[in-house]
Amino acid sequence: MSAAPGKLAICLLASEVAPLSKTGGLGDVVHALAKYLHADGHDVRLFTPCYASIDAGALAARPVAALQQLPLELGEHRYVFSVLEAALPGAGGAPVFLIDCPALYARASLYTSDPDEHLRFLVLTRAVFVSCALLGWPVQILHCNDWHTAFAPLYLRTEYGRQPAFAAARTVLTIHNIGYQGIFPAADVADLGLPAGDAHLLHQDDLLAGNINALRHGILYADAITTVSPTHAHEICTAQYGMGLEDSLRARGAALTGILNGVDYDEWDPRRDRFLPVHFDPEHLAGKAALKRELLTRLRLTVAPEVPFAGIVSRLAAQKGFELMFETLPRVLSARPLALAVLGSGEAKYEQFFAKLARSFPGRVAFESGYDEALSHWIEAACDLFLMPSRYEPCGLNQMYSLRYGTVPVVRRTGGLADSVRHYDAATGTGTGVVFNDFDAPAFEWALDTVLDLYAQPAHWSRLMRNGMSQDFSWKRAVREYVGLYRRLTAD
């Protein structure tokens, strides 16, 4: 059965989806796409691995009768998979199909460094084609995400496009993080299972260099390529940000676009945040002040409530620009009134830096290693400002959360940060945060001094907070852009 008139049949392929499996923004984005496309009436079906960490019983996942104990061959490898169907939690009834292949997915972590890592996701991609064909579901849009499913456009071109279920299918590849490309040895070319005579469609220079790059093949053959912000779409066409794929991206020209990720305001909104005992909005900010006092107490920070309170919630990785803080934060904390709450984990040198900072400034700096969903909401709601000095940031979500909560973001002008935060102009009262350009410590220190100077001017600070809280970065906006892209592809 085809989608209802005016509605689309959309197959989503992803290696992770929140809350079932998540290591980063990919899982959140895929969940939101499924949720809001389904709410819009589209026939959207999401396929993802049934990892060992997923409790299929708790999901009430049921076997799909036509998709049990199916054989699948890739080169010399033989696998058997089954498919379970469930309602994706928190997605309004949107269906999720779990590819159950214990030989590949019953492992301690979502991603591994095992020699068959490429096979784990080639099987996922192939299993989706097999499943849709056996279900007799005519797919209009095949939307793959990152390197894990990036061979889908090539498979459609070489083999599956001749099947009735895919005769009208068009492909979209979304690049969430170009730094991960799914590179494996050219010696394993048979693992792709391409039909005889189609090996010439592989990137020949990569083969000569001894490699096969999954993400590059998605870029070469997808009907449309998106990344998660307009600025990042331009950035990845340059040597600085393209990670070796810039030539392939530039060659696709107008096929590459940027669609800024959205925020799920059902989860991130100070008016109804389930993690907060007090709620607030732009006209009733007393609740934010109360939350600030409570969080300062919980974190054993002894500064007065009038002192500006900065927050960080992040993976502690080089991408996020934390080395800019090594000299800057101790100097600013020594010179100016400021409190800081940091939540995150990652590279040892960054964890050690923040732990030392907390020891050096007792009562003013708190560092919580790890991730705590409730505390992340508290930091967004209770802090006055939020620090994101990223080296690069394809989209970023915390700056958009911060705007909604009246927590002024301090960001570097890159990727999605440049697209979602406008530098405040005191002369006109316009802008939503403090934005700096150069990736160096003096520029970040200038940004900190600027935001603290604004905090000391209540009229400007109030205007800045309300400007941010009035922004709309909802997924409804983003999904409209995706649907527009889908319709253009299916109209061709």
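So here's what we get for this one:
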{"item": "Helix 348-360 axis, angle to the chain major axis (alpha carbon atoms, nearest 10°)", "result": "20"}
{"item": "Computed magnitude of the charge dipole of segment 90-197 (debye, nearest 20; Cβ of K, R +1, Cβ of D, E -1)", "result": "380"}
{"item": "Area of residue 44 that stays accessible when all protein chains are in place (1.4 Å probe, Å², to 10)", "result": "0"}
{"item": "Trypsin sites (Lys or Arg not before Pro) restricted to segment 17-84 and DSSP loop, no more than 16 other C-beta within 10 Å", "result": "22"}
{"item": "Electrostatic dipole magnitude of segment 202-253 [Cβ: Lys, Arg +1; Asp, Glu -1; Cα centre; debye, to 20]", "result": "60"}
{"item": "For segment 335-380: span of alpha carbons on each principal axis (Å, largest first)", "result": "31, 24, 13"}
{"item": "Burial order of peptide ranges 416-426, 192-202 (average beta-carbon count within 10 Å, highest first)", "result": "416-426, 192-202"}
{"item": "Most to least accessible of 236, 183 (protein chains only, probe 1.4 Å)", "result": "183, 236"}
{"item": "Largest-first ordering by accessible area, 1.4 Å probe, given options 155, 180, 221", "result": "180, 221, 155"}
{"item": "Rounded to the nearest 20 debye, dipole of the chain from Cβ charges on Lys, Arg, Asp, Glu", "result": "940"}
{"item": "Solvent-accessible area per residue for segment 1-59 (1.4 angstrom probe, square angstrom)", "result": "34"}
{"item": "Segment residue 453-residue 208, extension gain: residue separation times 0.36 nm, minus the distance between their alpha carbons", "result": "82.5 nm"}
{"item": "Computed label-point distance, nm, for sites residue 159 and residue 466 using a 7 Å Cα→Cβ extension", "result": "6.1"}
{"item": "Per residue Cα convex hull volume in Å³ - calculated over the chain", "result": "153"}
{"item": "Sulfur and carbon atoms: percent of accessible area, segment 55-205 [1.4 Å]", "result": "55"}
{"item": "Accessible area in square angstrom per residue, segment 229-346, 1.4 angstrom probe", "result": "43"}
{"item": "Positive-end residue, the chain charge dipole about Cα centroid, Cβ charges, pick of 295, 121, 443", "result": "295"}
{"item": "Tilt relative to the chain, helix 441-455 - C-alpha long axis, 0 to 90 degrees, to 10", "result": "60"}
{"item": "Aspartates and glutamates whose Cα lies under 16 Å from that of residue 356, excluding same-chain neighbours fewer than 8 positions away", "result": "323, 327, 347, 368"}
{"item": "Estimated [θ] at 222 nm from DSSP helical runs (n ≥ 4, -39500 (n - 2.57)) normalised by residues in the chain, nearest 500", "result": "-10500 deg cm²/dmol"}
{"item": "Accessible-area value, residue 324, 1.4 Å probe, nucleic acids and ligands omitted, Å²", "result": "10"}
{"item": "Degrees, to the nearest 10: 475-491 long Cα axis against longest axis of the chain", "result": "30"}
{"item": "Inter-label distance for residue 109 and residue 77, nm, one decimal - labels placed 7 Å from Cα along Cα-to-Cβ", "result": "1.9"}
{"item": "Average accessible surface area per residue within segment 141-189, 1.4 Å rolling probe, Å²", "result": "33"}
{"item": "Among the listed pairs 22/320; 22/476; 35/288; 7/476; 292/320, those beyond 27 Å (Cα-Cα)", "result": "35/288"}
{"item": "Ranked packing of 68-74, 225-231, 469-475, most packed first, by mean Cβ within 10 Å", "result": "225-231, 469-475, 68-74"}
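The values are calculated or read from the model by the stated rules, or taken from the named source; none is laboratory data. All values reported here derive from a predicted model rather than from experimental measurement. Cβ sites come from the backbone with ideal geometry, for glycine too, and all protein chains shown count toward neighbours. Accessible surface areas use protein heavy atoms only, side chains included; no ligands, DNA or RNA. Shrake-Rupley method; radii C 1.70, N 1.55, O 1.52, S 1.80 Å.
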